[in-house]
Amino acid sequence: MAGRRYELKAATRALTPTGGFLKGFAFSLNPYVGCAFGAGGGCPFCYVRMLPVARAEHGRWGEWVIAKSNLPELLERELGALEKSGRLNSATVFMSSATDPYQGIERRLMLTRGALEAFARRRVRRLLVQTRSPIVERDIDLLRALGESAIVSLTLETDDESVRRALAPTSPSVERRLRTCERLRAAGIFVQIAIAPMMPNDPERFARIVDAAADRAVVDTFFAGDGSGGRRSRALGMGELYSRLGYARWFRPGAERGLVAALKARMGEDRVLFSREGFSAV
Ligand code: SF4
């Protein structure tokens, strides 16, 4: 996008202790601050844009991205320290919690790839890579090398391409993301589909697609998952946007029940997780 500001900045640390929503993970890891998927009306539901980390920067969410230029070196050092203290084998890492680690700039900067190389040298108990981007396919070699320690969690909010176009216009298509799941699984990598936030869908069809494409599903909603019982999503105007698009019945607590039931009927209870508990599952 014209006018987007990219900056390289040295960070002071790679791994950040987590809590709250990701309480099952000891650390989060964000190679970038800011997210290009949020530009020009992309991800209107993204509440990260309201958090202090986003507001500290000039410009609208999506119009700037800061790359942590020294992330691989920092991570190497921090994993080394965990190893020395005997905590490496039990460490659990969520990459990334506040941005997408495979946004376009990653093709060139390869900071996420550098992080995976560090994890390949010093394996943690669990590394969960959360993304909506097919660029993750580039790193299948490293993800495969991480064996059972790695999970790729691919965001897929709906099975309906017209809904995707209306609500997540800068994100890859439903079909493209499903192809990524297929390629990851063909390489033996554990794939989770993160239906988060759940958008209008055809529950039976979506459940069938997810069952075929993923080892596990996690469902989240504006009301369970925005960290404020839906207040942040309302403040972002999601209720009005849903009404304008004719999706009003989907913007309410409990709208996910039909999909969750369809997923569980098809995949079994164990393969279907929900919201905070689900995202904390290591
Ligand atoms: S990809 Fe995720 S972090 Fe990036 S703008 Fe969209 S919702 Fe926000």
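Using 1/(1 + (r/R0)^6) with R0 = 30 angstrom and r between the beta carbons of Ala10 and Val282, what's the FRET efficiency to the nearest 0.05? Efficiency for this residue pair is about 0.50.
Give the accessible surface of the chain per residue, rounded to a whole number of Å², with probe radius 1.4 Å and ligands, DNA and RNA excluded. Before the final figure, lay out the partial values.
On the way: 12190 Å² over 282 residues.
Solvent-accessible surface per residue comes out at 43 Å².
Could you tell me the relative contact order of region 151-282? Use alpha-carbon pairs under 8 Å, at least six residues apart, and round to a whole percent.
Working: 187 pairs, mean separation 33.4, N = 132.
That works out to 25 percent.
When only Cα pairs below 8 angstrom with a gap of at least 6 residues are kept, region 203-277 shows a relative contact order of 50 percent. For the chain, the pair-distance distribution built from all alpha carbon pairs, in bins 10 Å wide starting at 0, is 7, 30, 37, 21, 5, 0 percent.
Report summary: the helix-based calculation at 222 nm, which adds -39500 (n - 2.57) for every DSSP H run with n ≥ 4 and divides by the residues of the chain, gives -10000 deg cm²/dmol. When the accessible area of the chain is computed with all protein chains present and a 1.4 Å probe, what percentage of it is carbon and sulfur? For the chain, the apolar C and S fraction of the accessible surface comes to 50 percent. Remark on the chain: Cys35, Cys181 stand apart, with no other cysteine beta carbon under 4.7 Å.
The values are calculated or read from the model by the stated rules, or taken from the named source; none is laboratory data. Quick caveat, the model's predicted, so the values are computed rather than measured. Because the Cβ atoms are built from the backbone with ideal geometry, glycine has one as well, and the counts that use them run over all protein chains shown. Side chains are part of the model used for accessible areas, which takes the heavy atoms of the whole protein and leaves out ligands, DNA and RNA. Shrake-Rupley method; radii C 1.70, N 1.55, O 1.52, S 1.80 Å.
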